[in-house]
Every structure is written in structure tokens, then in C-alpha cells.
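> Provided herewith is a single structure, encoded as C-alpha cells, for subsequent inquiry.
The values are calculated or read from the model by the stated rules, or taken from the named source; none is laboratory data. Small disclaimer: the values here were computed from a predicted structure and weren't measured. Counting neighbours? That spans all protein chains shown, and the Cβs are built from the backbone with ideal geometry, glycine included. Areas reflect the complete protein model, heavy atoms only, side chains present, ligands, DNA and RNA absent. Shrake-Rupley method; radii C 1.70, N 1.55, O 1.52, S 1.80 Å.
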Amino acid sequence: METTLVLLKPSCVQRQLIGEVINRFERRGLRISGMKMMQLSDQILREHYAHLADKPFFPSLAASMQASPVVALAISGVDAVRVVRVMAGVTNGRDAAPGTIRGDYSMSNQQNIVHASDSVENAAIELRRFFKEDEVFDYQSGAFGFIYGDGECK
């Protein structure tokens, strides 16, 4: 089982899509292992987007990420990082396939509804950035045996 980070961005919060997006993850069979709403500080944005902090568009990106609170999710499942990235779709909503979160709800590269960790290694780093250890839970739902077949869970 893997756990990955998803941020429901201000474009998701402001458009009142929080429940719709969470529902997609849960209906797929992924487990919400942690969830909280938070206002992102300048410091956390500089850490999270360190690879972009020196780009000319960073101030616009930071302003859009601070336009409202975000919802941070820890999402768990087999191959959760890859599954969530596929569900999110490509970064630019105009290019994202219909049926993906961005393809269904976004027309923007920046206002693109969700952030999803891009690797297992980055998921671990990002989860520590947004959650304390006691804020992410490991539990098994009653539906577990109907989500995964025998031997699929590592």
C-alpha cells in the first residue's frame, strides 16, 4: 500500500468541488487516510514549489494557491501515487482527457483543481510537509476485500 498527497487547490474549494473530487477517489477504491483544510503560508509554498520559486510566474502561482484555503488529503491504496496521477490528468486542464479530474473540471494550467504527488519519494516528502505523523491513519475498511483481489496488497 502507498500513501500519496493530494491538495484540493483554491480553484476546487472556490468552485465547491471538494466533495465531488473526494467522492471520485473513494469510489475508485482509494482510502482517505488524512484530511485537513489549511491556509498555505509563504514558507510552505516556497518549500513545496522550490523547483519553481525562481521562475517569473511564481508570484502568480503563490497568489492563486493563497486565494483561499486548500484541502490536504493523504490518500492510500495499491499504487496510489500512479492511480491518483492518472485520475488527476495532465497539468493543463485544456489538454486533460475527459473523465479525469482536470479534464472534467479545469480549463487552466494554473487553476487546475488538484495537486498530486509525482513519485513515491516525493509523496513521502510532501506528506511530511503537510501532515504530522499522527494526522495520517492506517485502517482497513469493510469494503477492502471487494476492492482488491487475493494477493494484490503488498
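> Ignoring everything except DSSP H segments at least 4 long, calculate the 222 nm mean residue ellipticity for the chain; use -39,500 (n - 2.57) per segment, divide by total residues, nearest 500.
-10000 deg cm²/dmol
> Sorted by accessible area (1.4 Å probe), largest first, how do Tyr139, Tyr148 line up?
Putting Tyr139, Tyr148 in descending order of accessible area: Tyr139, Tyr148.
> When the convex hull of the Cα atoms of the range 56-154 is projected onto a plane and the area is averaged over all directions, what value comes out in nm²?
8.3 nm²
> Right, something else. Enter the accessible area per residue of the range 1-126 (Å², integer; probe 1.4 Å; all protein chains in place).
About 47 Å² of surface per residue is accessible.
> Post the alpha-carbon centroid distance, the range 1-55 to the range 92-154, in whole angstrom.
8 Å
> If I compute solvent accessible area with a 1.4 Å probe over the protein chains, what percent of it on the range 7-47 is carbon and sulfur?
After summing per-atom areas, the C and S share lands at 44 percent.
> Just to be sure I understand the curve: with the Debye formula and one point per C-alpha of the range 1-112, what is log10 I(q)/I(0) at q = 0.22 Å⁻¹?
-1.37
> Send over the semi-axes of the range 55-108's equivalent ellipsoid, whole angstrom and largest first, taken as the square roots of 5 times the C-alpha gyration tensor eigenvalues.
Largest first, the range 55-108 gives 22, 16, 11 Å.
> Using the Cα centre of the range 89-140 as the reference point, and only Cβ charges (+1 on K/R, -1 on D/E), how large is the resulting charge dipole? Debye, rounded to the nearest 20.
260 debye
> State the extension gain, in nm to one decimal, for the chain segment bounded by Met38 and Ala124, taking 0.36 nm per residue of separation less the distance between their alpha-carbons.
That pair, Met38 and Ala124, stretches by 29.1 nm at full extension.
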